[in-house]
Amino acid sequence: MSSFRRDKKEEEDSGASVFQNLDKTTLLQESRYFNSTPVNPRKCIHILTKIIYLLNQGEKLTTQEATDMFFATTKLFQSKDVMLRRLVYLCIKELSSMAQDVIIVTSSLTKDMTGKEDLYRAAAIRALCSITDSSMLQAIERYMKQAIVDKNPAVSSAALVSALHLSATVPDLVRRWVNDAQEAIMSDNIMVSYHALAVVAGARKNDRLSTVKLVTKLARSPLRSPYALCLLVRHAAKLAEEDQSEASEPYLEFIESCLRHKSEIVVYEAAHAIVNLRKSARDLAQAVSVLQIFCGSSKATLRLAGARTLAQLTSKHPNAVAVCAVDLENLISDPNRSVATLAVTTLLATGAESSIDRLMKQISSFMSEISDEFKIVVVRAIRRLCSKYPRKHQSLASFLAGMLREEGGVQYKTAIADTIIALVEENPDAKETGLAHLCEFIEDCEHTSLAVRILHILGREGPKARQPSRYIRYIYNRVILESGPVRAAAVSAVARFGASREELLPNIRVLLSRCQLDDDDEVRDRAIFYSAILDSNDRQLIEDYIINVSVPNPVLLEKALSDHIAIQPDEPFNISTIPTTEEQNESEDVPLQVEISNQPVVSREELYSEQLKIVPGIEKLGPIFKTCEPIDLTEPETEYRVRCVKHIFTRHLILQFECLNTLNDQILEKVHIRLDPAPGYVILGEVACEKLPYDKQGSVFCVLKFPTNPIETLGTFGATLEFVVRDCDSTTGLPDAGEGYADTYPLEEVEIGCADQFRTRAPTDEWESSWERGATAAEACDTFGLSQNDVNEAAIAVCKHLGLPKAAIGGDAIKEIRGGGLWREGTPMLVRARLVSGQGAVTMQLTVRSPREDIATLLLAAVG
Amino acid sequence: MVHTGTMEGALFEPTLYIVKGMCILDNDGNRILAKYYDKNILPTAKEQKAFEKNLFNKTHRANAEIIMLDGLTCVYKNNVDLFFYVMGSSHENELILQSVLNALYESVSILLRRNVEKRVLLDNLDAVMLAFDEICDGGVILDADPTSIVGRAALRTEDVPLGEQTVVQVLQSAKEQLKWSLLK
């Protein structure tokens, strides 16, 4: 028995050894064997296999080595052995990206692709298209068109797929093959039909009308291929998504009919599309019941597909998912942990408060077995629970703390920390426990960025706790143990305790003085800076520089500084003109999804500052104060789409008109805007858009000066788009001969309101004291009757009008809106509005305090 | 961490570039064959191998068919000492990926005359490479029907003419064919 086992072992080794310890130098030498005649197919196949295997293992060849090997391989075209020839093609494809002069084999491949041997033709087409360039393609175009409609499905598919690859580089050429491809859609072979549809639809992707025609036609014809049907469902869904009107009904009907298809692939595709398209729960019923069946399948892939799609529904239609509760319950103990996680998180999102503890227990039993992606899904679900059931914070927080202690990537840890931070901020009862968990976490946190963030939160929230001193120990430990950035953050956090809590100040002074001897410059600087401010005993100074520090947007600050040095280096720089970074408070409700997209958060100001650079003399206007949200000036689905973006400067206003030409047979030239400014405004200049081709956005800029009297700044501008139309070829985009003709297009009016000119913010904790201090400033006060019946609605409307976030609203019976802001010339203001409802109407008392009386009255005028 | 392009909305993209990668690993998690089709996903051999190691660690014990890893949906299947994987975007129809995996496994299984194990696979590596090439071309599913894939991969089953085979070999192959026809 033992000898048998040894035999087996040896046998295994011998099989594997051929491919073990392969080395490219030896192989290069072996490849010389390809030159010998007559070719020995068996031996050459063996060598080629080794070469491809080596490349597949990730071995890198130099260009010279690759070229040598490539040329040796081409010698093998002499042999007629099918297997050998096929491996030669494979090798050509592998080497084509590394070797030089690969087009040398074009003629051999062309011969094979037009030859009689079917086993060569398909593979030769694919190999040829992977090495050829656009100039060579012209020569083989005729053969390609023939191959597309060839009766051998392998040849036809090969040609179509190659056409699809080529359409990325030479779309115009491929477009000429569309007629042949169209014929192939109706092929009996499922793959040919699938590939043909992709080529045809791809060639029309910029032309909505003909895509509509294609989808409508094919939706009525019996497509046999499940793959082609999936693709068609995707196109139909895309059309339906773009067009929300009645006209999209036929697409949805088609997709629904696919729910009854016999192939599971198509059924799932349709159900997924419906779940993401349908707005009302009633329409979803069919799709949901299909997914429900999937959840009960014996195949894990089907169960995952079902559970995942249902999970996507939870945020939009929790009730539609609630009916599947029983099916999801069955999945909790699923052997596939991904399925189980999705089931539990979906149940958590839709279930009742009473079931939470049971589900949490379930999930913690397999938390260690699932991948980070799913752990993040769980964390997000818990986050939603925290705000939905605040009373459950105790068990949720301890669960999160347990997760923090486990292994995990930075994204996972960030998600957990974010959730605890949200808990601390939203739920006063959970504050102390949450902070304690965070403290414990930074004791052992290897991610600098995360530690810095948590220290910042501790500095902000810690002083408000009942026993602030207990946090200081944790923070100060960081100063002793951590790297520079973390120490610096810890110093800032400690300083905030000293600033907010008088009784701790002596101790904090001692701690800060110890940090003044730190090795790191930043840490030392901060310690000295904060000590000096704390020593000054000036409440206002401490308030502005330790507790409520406004953080300017770094990108805009840099730009403003460089502009400042270039233009007026002698004058003092006013940092308050730089827009501050807005903290993102209103986080969108992300549906349960296993997908991580990291989009950097870029403020509008940053986004547009690049574009604004083309306006001549822009640097003379000073730093940008604010960029408002774009406003549509045209109806959607019109010939030309125009959006207006208002850029506010200290004394100037730039209106940016973003124009989009949606007609593919026109090019617009000399596009400019005729403005009819409100009284008091002076037009200083305009930057027209010289050329506006189809589907490319272009911008027209108008520079205006604000009237000196703030009250006069409220007004509306008439606007008309003026341009010269030139007709052009819809496919090539080349303009026809001739001059073109002038035309105009009316736009909606642009309104300059009061909110545009203020950078507002929600009230901070110190709003009350600021308001009191402002009592000496000019005050404007008036009472208004509002049209809304409901006091809540009225409050939201007022906030919107004043540009304040919703967080500014407080109070129950009497709504009080508090806020503050900065006018474009740098004048601060504070605003308070009290709303009372009585006898079916809402009355509002609005009070504004500002050092400048005209600013205060401006706000009142804006509401009135 | 791998990021698969940002997708606005949750609908599937109407694209044919569905397969992001396919691989066959042995029971130590070493690569036997692997192809990755998207330049933006795992561009270097080093990243690919790290991903494969991670994938193998997560899948070799739990036989759960499908896993989401590093922004990719991976469907898998194993037999004796071989692991077959097909990877797609996490935002893709899982069932299509599953159909590709089935095609891969079945074709290899036919090519190896149902002896799906490492030693036999290495002996027939050339044919398996061709099958790989016939299933997926640059991320586009070329064919998903095992019989036609094997046909196109120019199967070398009869490379020794019948007359030259020993009686034992003929009997062996007949027996095997009979066995499989009965098992089906």
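The values are calculated or read from the model by the stated rules, or taken from the named source; none is laboratory data. Keep in mind the model is a prediction, meaning the values are calculated, not measured. FYI the Cβ positions are ideal-geometry reconstructions off the backbone, even for glycines, and counts take in every protein chain you see. Only protein heavy atoms, including side chains, enter the accessible area calculation; ligands, DNA and RNA are left aside. Shrake-Rupley method; radii C 1.70, N 1.55, O 1.52, S 1.80 Å.
Screening B:Ser107, B:Ser148 for residues that are of a type in the set (S, T, N, Q), in contact (Cβ under 8 Å) with a residue 40 or more places away in the chain and not in a loop (DSSP other than H, G, I, E, B) leaves exactly one candidate, B:Ser107.
Exactly one condition in (1) farther than 30 Å from B:Ile24 by Cβ; (2) open to solvent by less than 50 Å² (accessible area, probe 1.4 Å); (3) at pLDDT 90 or above is not met by A:Glu141; state its number. Result: A:Glu141 passes all but (3).
Mind checking whether some residue in segment B:65-83 is open to solvent by 10 Å² or more (accessible area, probe 1.4 Å), in a strand (DSSP E or B) and polar (S, T, N, Q)? Yes, segment B:65-83 has at least one match. Based on what the data block shows, is B:Asp28 surrounded by fewer than 20 Cβ atoms within 10 Å (Cβ to Cβ) and either more than 10 Å from every other protein chain (Cβ to nearest Cβ) or more than 20 Å from A:Leu55 (Cβ to Cβ) (or both)? So B:Asp28 fits the description; yes. Among the helices (runs of 4 or more DSSP H) confined wholly to segment A:91-210, which include 3 or more residues that are hydrophobic (A, V, I, L, M, F, W, C)? Correct list: A:118-131, A:134-148, A:153-166, A:178-185, A:190-203.
Table: residues versus (1) more than 11 Å from chain A (Cβ to nearest Cβ); (2) closer than 24 Å to B:Glu13 by Cβ; (3) at pLDDT 90 or above.
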residue: B:Gln48; (1), (2), (3): no, yes, yes
residue: B:Ala64; (1), (2), (3): no, no, no
residue: B:Lys77; (1), (2), (3): no, no, yes
residue: B:Leu82; (1), (2), (3): yes, no, yes
residue: B:Met87; (1), (2), (3): yes, yes, yes
residue: B:Asn93; (1), (2), (3): no, yes, yes
residue: B:Val100; (1), (2), (3): no, yes, yes
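With a cut-off of at least 2 residues that are within 26 Å of A:Asp632 (Cβ to Cβ) and touching a residue at least 40 places away in the same chain (Cβ under 8 Å), name the strands (runs of 3 or more DSSP E) lying wholly within segment A:748-814. So the answer is A:750-752, A:758-761.
Please verify whether segment A:646-663 includes one or more residues that are open to solvent by 50 Å² or more (accessible area, probe 1.4 Å), in a strand (DSSP E or B) and either out of contact with any Asp or Glu (no Cβ under 8 Å at 6 or more places or on another chain) or farther than 30 Å from A:Asp243 by Cβ (or both). No: segment A:646-663 contains no residue that is open to solvent by 50 Å² or more (accessible area, probe 1.4 Å), in a strand (DSSP E or B) and either out of contact with any Asp or Glu (no Cβ under 8 Å at 6 or more places or on another chain) or farther than 30 Å from A:Asp243 by Cβ (or both). Restricting segment A:438-495 to residues that are in a helix (DSSP H, G or I) and among the polar types (S, T, N, Q) leaves a set whose member that is least open to solvent (accessible area, probe 1.4 Å) is A:Ser492.
Tally up the residues in segment A:51-82 that are assigned to a helix (DSSP H, G or I) and under 17 Å from A:Glu30 (Cα atoms), please.
Taking segment A:51-82 as the starting set, the residues that turn out to be assigned to a helix (DSSP H, G or I) are A:51-56, A:63-78, A:82.
From what's left, under 17 Å from A:Glu30 (Cα atoms): A:51-55, A:64-76.
The total comes to 18.
Counting only residues that are assigned to a helix (DSSP H, G or I) and over 42 Å from the mean Cα position of the chain (by Cα), how many does segment A:532-541 have?
Selection size over segment A:532-541: 5.
Residues in segment A:242-259: is at least one of a type outside the set (D, E, K, R), in contact with a helix residue (DSSP H, G or I) (Cβ under 8 Å, 6 or more places away or on another chain) and facing chain B (nearest Cβ under 9 Å)? No: segment A:242-259 contains no residue that is of a type outside the set (D, E, K, R), in contact with a helix residue (DSSP H, G or I) (Cβ under 8 Å, 6 or more places away or on another chain) and facing chain B (nearest Cβ under 9 Å).
Per this entry, A:Asp334 is counted among residues that are surrounded by fewer than 24 Cβ atoms within 10 Å (Cβ to Cβ) and at the interface with chain B (Cβ under 9 Å from one of its Cβ atoms). Residue count for segment B:43-86 under the criterion of being under 18 Å from A:Ser97 (Cβ atoms) and under 18 Å from the mean Cα position of the chain (by Cα): the result is 1.
Taking the criterion of being aromatic (Phe, Trp, Tyr) and touching an Asp or Glu at 6+ places or on another chain (Cβ under 9 Å), the only residue of segment A:339-394 that qualifies is A:Tyr389. Among the residues of segment A:70-82, is any in contact (Cβ under 8 Å) with a residue 12 or more places away in the chain and within 11 Å of chain B (Cβ to nearest Cβ)? Yes, segment A:70-82 has at least one match. Exactly one residue out of A:Ala311, A:Ala349 is farther than 22 Å from B:Asp70 by Cβ, buried (at least 18 other Cβ atoms within 10 Å of the Cβ) and touching a residue at least 60 places away in the same chain (Cβ under 8 Å), and it is A:Ala349.
Here are A:Glu241, A:Glu256, A:Glu249: which of them is assigned by TED's automatic domain parsing to the domain that holds A:Ala228, without any contact (Cβ under 8 Å) to a residue 12 or more places away in the chain, part of a helix (DSSP H, G or I) and not basic (Lys, Arg)?
Only one candidate qualifies: A:Glu249.
When A:Arg126 is tested against (1) within 14 Å of chain B (Cβ to nearest Cβ); (2) open to solvent by 20 Å² or more (accessible area, probe 1.4 Å), only condition (2) is not met. Restricting segment B:110-133 to residues that are outside any loop (DSSP other than H, G, I, E, B) and open to solvent by 40 Å² or more (accessible area, probe 1.4 Å) leaves a set whose member that is farthest from the other protein chains (Cβ to nearest Cβ) is B:Ile110.
Does A:Leu173 count as buried (at least 17 other Cβ atoms within 10 Å of the Cβ) and at pLDDT below 90? Here the answer is no, as A:Leu173 does not meet what is asked.
Confirm whether B:Arg152 is at the interface with chain A (Cβ under 7 Å from one of its Cβ atoms), modelled with pLDDT under 90 and open to solvent by 70 Å² or more (accessible area, probe 1.4 Å). Taking the combined requirement at face value, the residue does not satisfy it. Only one of the numbered conditions (1) over 27 Å from A:Thr708 (Cβ atoms); (2) under 32 Å from the mean Cα position of the chain (by Cα) is not met by A:Lys670, and that is (2). Checking the stated criteria, A:Asp327 turns out not to satisfy the condition of being acidic (Asp, Glu), in a loop (DSSP other than H, G, I, E, B) and free of Cβ contacts under 8 Å to residues at least 60 places away in the same chain. When A:Ser364, A:Ser298 are checked against the criterion of being open to solvent by 10 Å² or more (accessible area, probe 1.4 Å) and not in a helix (DSSP H, G or I), A:Ser298 stands alone in meeting it. Could you tell me whether any residue of segment A:204-223 is among the small types (Gly, Ala, Ser) and either within 12 Å of chain B (Cβ to nearest Cβ) or closer than 25 Å to A:Thr110 by Cα (or both)? The answer is no, given that none of the residues of segment A:204-223 is among the small types (Gly, Ala, Ser) and either within 12 Å of chain B (Cβ to nearest Cβ) or closer than 25 Å to A:Thr110 by Cα (or both). For segment A:748-792, the set of residues classified as within 17 Å of A:Leu835 (Cα to Cα), of a type in the set (Gly, Ala, Ser) and at pLDDT 80 or above consists of A:Ala780, A:Gly785, listed by residue number.
Checked against the criterion of being out of contact with any Gly (no Cβ under 9 Å at 6 or more places or on another chain) and not in a helix (DSSP H, G or I), segment A:302-314 has at least one qualifying residue.
Quick check: anything in segment A:824-842 in a helix (DSSP H, G or I) and among the small types (Gly, Ala, Ser)? Taking every residue of segment A:824-842 in turn, none turns out to be in a helix (DSSP H, G or I) and among the small types (Gly, Ala, Ser).
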